[in-house]
Each structure stands twice: as C-alpha cells, then as structure tokens.
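Comments concern the structure below.
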Amino acid sequence: MARINLEHIRHAYSAKAKAAGDYALKEVHHEWDDGGAYALLGPSGCGKTTLLNIISGLLHPSDGRILFDGVDVTNLPTQQRDIAQVFQFPVVYDTMTVFDNLAFPLRNRHVPEAEVKQRVQHILEMTDLAGMAQKRANGLTADQKQKISLGRGLVRSDVNAILFDEPLTVIDPHMKWVLRSQLKRLHRQSGFTMVYVTHDQTEALTFADKVVVMHDGQIVQIGTPAELFERPSHTFVGYFIGSPGMNVMPAQVDGAMAKVGDQAIALAGTPEVGNATKVELGIRPEFVRLGREGMPISVGKVEDIGRLKIVRASFCGQPLAIVVPEDEAIPTDAKVTFEKDAIGIYADSWRVGMGG
Ligand code: ATP
C-alpha cells in the first residue's frame, strides 16, 4: 500500500504539443493518501484512462513525476511498480481452472501453497465463484470471466495499489451492485490504496471515499460525495453530479445580492468575483423551494421519479429544475425561493468564497 504523489504531471499524445489545449492531461498536482479509495469520474475523453495509465506505468508522462511512498517511480515499468490492475474486459487464462487463474499472481511470486489456498478461497467466496473453482475458464460467461479478473486484482496482499479501469462494464446490473459493495468492504478490511475509473456517478459515489472529478483533461474537484453535492467547486461538478444536476444561470453580483434577470436574490455573504468575465449562480434542484411566496416561474412538465417529482420550470428565461416530494401539490401560479446557504456563486466557472 502506498501514498501516491502526482507532481506537476501533464501528458500530450503528440510530441509537438505546446498550448494547454494540446494536452490530454493538463497539470495534475496532488497527493493521494495511503489506503484511500479514489474514483476517477468524468465523461468519455476527459483523461481518466490517461491518468490511470500514468500511475500504472503503461504511459510515461510528458512532464512531471510520480512517487509511491516518496520513491520516484516515473521511469519504472509497470512490472516493477507492484500494482494490481483490473481492466474493462476480462483477461483470463482460458485453459486454467478458475482456482488456478486466481492463484496465478500468488504462485508467480512463490507464495506458500497453504496461503495461496486460503487467499484464493476468500476471493472465490467474495466473487461468488466458489461453486466453479475447478471449472476451466473457457466455458464461462463474460461476467464470470470478469469476476476472475477482479479476483486476480484483489488476491495479492503485497501491492502498492489496485487500479480498476471501468471493471464492471460487462457485469450484469444486480451483480454490479453486489460487487461494488463487496469491493467497498474489501477496501475497509484490507486498507489497499485503490483507484477506480468510471464515468458512472453511482459507481463512483458508492465505492470511493474521495471522488476525483475530471473535465477536459483537468481535475476540477477532489472531494467526498457530500462535498461534491453540497459545495461543487466548478459548475461542471454541479452539473455532472446529481440527477438532475445543479441549476446554473447567468447572474450579476452586487454586495450580498445576486441578480438573475430582474430578480434580486439574497446571498449568505459577499462573493469575491474579481474581474471574472462570466458570473453564474448555482443552486441544486433540492434547495429550490416551491410555494405561493417568492419569485415567479412558469411550470413546464413534471416528471414523477418515485418518491420525488422533478418540476421543469422557466425562471427569468432560464431553465430551472426543482425537486419536490411526490405528494406535494404544484400551484399553477407557483413561486420559488432559493435556500440562501445552498447558493454558490461561480466566477468563470469556479466557485468563489462568500467573504464575510
Ligand atoms: P473513456 O471513458 O472514453 O475511456 P477517458 O476519460 O479515459 O475516456 P482518455 O482515454 O484518457 O479519456 O483520453 C483523453 C484524451 O486523449 C481524448 O481526447 C482521447 O482522444 C485522447 N487519447 C487517448 N489515447 C490516445 C492515444 N493513444 N493517442 C492519441 N490520443 C489519445
């Protein structure tokens, strides 16, 4: 297990890269705790796999250094980094039994056979493969094979980190839920540093202690699920986390008031927007209150999503989503208020402090 330091890492796939836009991974400078469970979350093409491959050693960064427990491993190949990896698609030895597939990383490192048996048995039970331990892998389904890959990633006890690249893509939905919970439990028991790449927010939020949100080659926030929900650092985080995402609308700020269209909204402090060219107000749909008092809206459609309803409205010409309990009546002349403490002000897409 190791602490991971990413020191001024950047990566461009073209040797001729000069401008920031040429870099698939813009500057990343962070320390990830020993034993942490991190999820790299973001849409396709935002640089998750690039960053994961730099950590694993499959890719050498154009700039910067990577350290495991203070030791520079930037120039070490994958095999010498002592990491386990689980990829999106199964990597198994078809002619071996399930047991032998799982035992392979241990026997390769000359682990005593009694310990091999004990560790493999534990993984067999965890992945629900105990009943087929002596079966050859070639007859198994894609999701059973992926469980073997997952198990092989987890079977060693001496790794610096375990890296997962969208490992549950081929697993059926129910098993996905089971494995995700088991991975979380295993993380708590083992204390391994785990890095898990996904574009699925549910997967990231249930697995990780810290979610690393990436956008356009940049890390825009590292935070607990609660922090990402309550205080998104960037409008992208607000929009990407949550369903529906945060409402973001153009605003003007004057002291402790924000103006959206012709509506004045009281803020919890005085935001420091500096010389920003773009100022926006962000409020999550869960913190917009619907009632007979407040600012006028025009209600569009109402979506029933079980215990809650999503009201799609228009506010000062801007789309506004509002989440209300299923049984709440929606007046035809509904008005809204925004919970003051839940309002964020964003200058050029980044959340600013509220001053005094
Ligand atoms: P996905 O979820 O689709 O795997 P990702 O977030 O993992 O996406 P990356 O695969 O890291 O994103 O890609 C980041 C950017 O780098 C993208 O614009 C992609 O087109 C580009 N890229 C990735 N691999 C290469 C490569 N081998 N050569 C050139 N460009 C690449």
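Hey, can you tell me all the residues within segment 6-27 that are away from the ligand (no atom under 12 Å from the Cβ), touching a residue at least 60 places away in the same chain (Cβ under 8 Å) and either surrounded by 20 or more Cβ atoms within 10 Å (Cβ to Cβ) or of a type in the set (Ser, Thr, Tyr) (or both)?
The one that is away from the ligand (no atom under 12 Å from the Cβ), touching a residue at least 60 places away in the same chain (Cβ under 8 Å) and either surrounded by 20 or more Cβ atoms within 10 Å (Cβ to Cβ) or of a type in the set (Ser, Thr, Tyr) (or both): LEU6.
For segment 277-288, check the following and say yes or no: at least one residue is within 25 Å of SER233 (Cα to Cα), in contact (Cβ under 8 Å) with a residue 60 or more places away in the chain, not in a strand (DSSP E or B) and not polar (S, T, N, Q).
yes
Do you know which of the residues in segment 36-83 that are under 21 Å from THR206 (Cβ atoms) and more than 13 Å from the ligand (Cβ to nearest atom) is surrounded by the most Cβ atoms within 10 Å (Cβ to Cβ)?
If we take residues in segment 36-83 being under 21 Å from THR206 (Cβ atoms) and more than 13 Å from the ligand (Cβ to nearest atom), then TYR38 is surrounded by the most Cβ atoms within 10 Å (Cβ to Cβ).
Could you pull out the residue among HIS187, HIS199 that is within 16 Å of the ligand (Cβ to nearest atom) and under 30 Å from ASP34 (Cβ atoms)?
After ruling out the rest, the residue left standing is HIS199.
Could you list, in sequence order, the residues of segment 229-260 that are assigned to a strand (DSSP E or B) and either in contact with a strand residue (DSSP E or B) (Cβ under 7 Å, 6 or more places away or on another chain) or surrounded by 17 or more Cβ atoms within 10 Å (Cβ to Cβ) (or both)?
Matches in segment 229-260: HIS234, ASN247, VAL248, MET249, PRO250, GLN252, VAL253, MET257, ALA258, LYS259, VAL260.
Values quoted throughout were computed directly from the atomic coordinates according to the rules given, and no laboratory measurement underlies them. Note that this is a predicted model, so its numbers are computed, not measured. Glycine gets a Cβ as well: all are built from the backbone with ideal geometry, and neighbour counts include every protein chain shown.
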